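Asker: Sharing a structure below in C-alpha cells format, with a few things to ask.
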Amino acid sequence: MAIQKVGVVGCGLMGSGIAQVCAQAGFTTVVREVSAELVEKGLKGIEKNLARLVEKGTLTEAAKGEVRGRLKGTTSLDDLKDCDLIVEAIIEQLPVKRELFGALDKLCPPETVFASNTSSLTITEIAAATKRPQRFVGLHFFNPVPVMKLVEVVKTISTDPAVYEEMVRFGAKLGKTPVRASDSGGFIVNRLLVPYLLDAIRALEEGVGSVVDIDNSMKLGCGYPMGPFTLLDFVGLDTTYYISQIMFEEFKEKRFAAPPLLKRMVLAGWNGKKSGRGFYDYSDPANPKPIQF
C-alpha cells in the first residue's frame, strides 16, 4: 500500500493546515468544503502561509507553485473517490462525522484508508459507521498544523497492523513526529493536558493564586511556553469544556469534570481569544488584561 493521493474533508483552520502539509510533502491533495466560499477562504489561507515561507526563504517561489499545483479545492465528495487516504477535519460532533464516513464508505473503493483528526471522540465509534474498521485510524494533528511537529496516530482494536504502520510512515513523510496512541478518550496529549487545565481553573476558584500568578508560576517554574489560562484562551474555553464533557462521560473521573467557573464562562460567551474575552480581556489584542474574578 502506497499513499499517493490524499483527500481532506474540511478546509477550516485544521483542514487547510493538513491539506497544506500534505501538498508540501509531495502528495496530490484534494480538500473538500461544503461551499465554494469556504473552499476559497481555506485556499487563500494556504496561499498566505506559503507566501510567508517564501518571504522567510524556507520555500522558493518555484516550489510554492509546485505545492499549489498539487492542491485542489472542491465542494463535491465525488472528487475524493479515488484518494488512497481521506482525512476528516470537520466539526467535532459524532453524528456528523459518522454521516460523512458512511457516505464516503459507499463512495470509495475498499482499499481507501479513512482517518479522523478528532481530538476527543473515540475512533472506534466513528469507524462503526463504515464497513472498513480495519482501515480506519486517528490522525490527530495540532494547531497550527504547518508549525506543530506532533501527530498522534491512533489505533483501534480493529485496525489492521499493516495499515497502522503505513499511517505512522505517512505522518513521518509529512515532516511530523508520529506518536503511537491507543483509542482511549483524549489519546495521549489531551488525556494529560485537560486535567491540568481544569486543575488550574479549580486552583483559581479556590484562591490559590490569581490568573497572572498561576500563569507565571507554570511558565517560570516549569518552563512551559505559556501558562494554563493563556493556553485555555488560545484553545477556546468552549472547546475545552466540550472535550472535558466527552472525557468525563468516558471515564467518570472527577479530574475530567468541568469546574463551575468554566461552565459559567462558556454560558456567558467568554470563550477566550476568539471571542475577545476569556481569562484575559483582548479589547487591546497587543496588551491583554487579566480578568479579576
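Asker: Would you mind ranking Cys83, Cys222 so that the residue whose beta carbon has the fewest other beta carbons within 10 Å leads the list?
Answerer: Fewest-to-most Cβ neighbours within 10 Å comes out as Cys222, Cys83.
Asker: Roughly speaking, what is the stretch gain from Val96 to Lys263, that is 0.36 nm per residue apart minus the C-alpha to C-alpha distance, in nm to one decimal?
Answerer: 57.7 nm
Asker: When DSSP assigns beta bridges and you keep just the ones with both residues in segment 140-225, what percent turn out antiparallel, to the nearest 5?
Answerer: Antiparallel bridges make up about 25 percent of those DSSP assigns within segment 140-225.
Asker: Sticking with this structure for a sec: Suppose the chain between Ala2 and Val54 were pulled fully straight at 0.36 nm per residue; how much longer would it get relative to their current alpha carbon spacing?
Answerer: Computed gain between Ala2 and Val54 is 15.7 nm.
Asker: Next question. In whole Å, how far is the Cα centre of segment 270-293 from that of segment 27-72?
Answerer: 31 Å
Asker: Let me ask something else about it. Roughly how many debye, to the nearest 20, is the charge dipole of segment 54-145 about its Cα centre, given +1 on each Lys and Arg Cβ, -1 on each Asp and Glu Cβ, and no other charges?
Answerer: 60 debye
Asker: Tell me the mean residue ellipticity at 222 nm calculated for the chain from its helices only (DSSP H runs of n ≥ 4, each -39500 (n - 2.57), averaged over every residue, nearest 500).
Answerer: -14500 deg cm²/dmol
Asker: From the phi angles alone, apply the Karplus equation (6.51, -1.76, 1.60; θ = phi - 60°) to segment 218-224 and give each ³J(HN,Hα) in whole Hz, x where the residue is Gly or Pro.
Answerer: Each residue of segment 218-224 in turn: 6, 6, 7, x, 10, x, 6 Hz.
Asker: For helix 94-107, report the angle its Cα long axis makes with the longest principal axis of the Cα atoms of the chain; keep it between 0 and 90° and round to the nearest 10°.
Answerer: Result, in degrees: 10.
Asker: What range in the chain is the longest one free of GluC sites (Glu not before Pro) that are in a loop by DSSP and have at most 11 other Cβ atoms within 10 angstrom?
Answerer: 1-110
Asker: Can you list residues from other chains, or at least 5 along the same chain, whose modelled amide H is less than 5 Å from the amide H of Glu88?
Answerer: Val9, Ala115, Ser116, Asn117
Asker: Take Arg255, project a point 7 Å from its Cα along the Cβ direction, then tell me which residues of segment 206-236 have their backbone nitrogen under 14 Å from it.
Answerer: none
Asker: Now a separate question. So what's the net charge close to Tyr282: Lys and Arg +1, Asp and Glu -1, counting the other residues with Cβ under 11 Å from its Cβ?
Answerer: With Lys, Arg at +1 and Asp, Glu at -1, the net is +1.
Asker: Okay, next question. With each label point set 7 Å from Cα along the Cα-Cβ vector, what nm distance links Lys81 and Ala63?
Answerer: Between Lys81 and Ala63, the label points sit 3.7 nm apart.
Asker: Here's a follow-up. Using a basic spin-label model with each label point 7 Å from the Cα along Cα→Cβ, how many nm lie between Glu205 and Ile188?
Answerer: 3.0 nm
Asker: Still on this structure, please answer the following. If you find the alpha carbon centre of segment 100-137 and of segment 223-266, how far apart are they in angstrom?
Answerer: After rounding, the separation between the Cα centres reads 27 Å.
Asker: Using a Cα-Cα cut-off of under 30 Å, which lysines could be cross-linked to Lys41, ignoring same-chain neighbours fewer than 8 residues away?
Answerer: Lys5, Lys56, Lys64, Lys72, Lys81, Lys97, Lys106, Lys149, Lys173, Lys176, Lys273, Lys274
Asker: A further question follows. What is the set of long-range amide H partners of Asp281 at a cut-off below 5 Å, with H atoms built 1.01 Å from backbone N?
Answerer: HN-HN under 5 Å from Asp281: Lys289, Ile291.
Asker: Ok, one more. Cross-link partners among aspartates and glutamates for Lys44, C-alpha distance below 15 Å, same-chain residues fewer than 8 apart left out?
Answerer: Leaving aside aspartates and glutamates fewer than 8 places away in the same chain, those within reach of Lys44 are Glu33.
Asker: Taking the convex hull of the Cα atoms, report for segment 190-279 its projected area averaged over all directions, in nm².
Answerer: 5.5 nm²
Asker: Just to confirm a number: summing +1 for Lys and Arg and -1 for Asp and Glu over residues other than Asn49 whose beta-carbon lies under 12 angstrom from that of Asn49, what do you get?
Answerer: Charge balance in the 12 Å sphere: +4.
Asker: Taking θ = phi - 60°, what integer Hz values does the Karplus form 6.51 cos²θ - 1.76 cosθ + 1.60 yield along segment 120-130, in sequence order, with x for Gly and Pro?
Answerer: 9, 6, 7, 5, 4, 5, 6, 5, 5, 7, 10
Asker: Could you check what % of the DSSP bridge pairs in the chain are antiparallel, to the nearest 5?
Answerer: Restricted to the chain, the bridges split so that about 25 percent are antiparallel.
Asker: Further question: In sequence order, what are the phi-derived ³J(HN,Hα) couplings for segment 244-250 according to the Karplus relation 6.51 cos²θ - 1.76 cosθ + 1.60 with θ = phi - 60°, rounded to whole Hz, with x for glycine and proline?
Answerer: My calculation for segment 244-250 gives 5, 5, 4, 6, 5, 4, 6 Hz in order.
Asker: What net charge is computed for the residues neighbouring Gln134, neighbours being all others with C-beta under 12 Å from the C-beta of Gln134, Lys and Arg scored +1, Asp and Glu -1?
Answerer: Value of the local net charge: +2.
Rule-based calculations on the coordinates, nothing more; no lab input. Note that this is a predicted model, so its numbers are computed, not measured. When we count neighbours, we look across all protein chains shown, and the Cβ atoms used for this are built from the backbone with ideal geometry, even at glycine.
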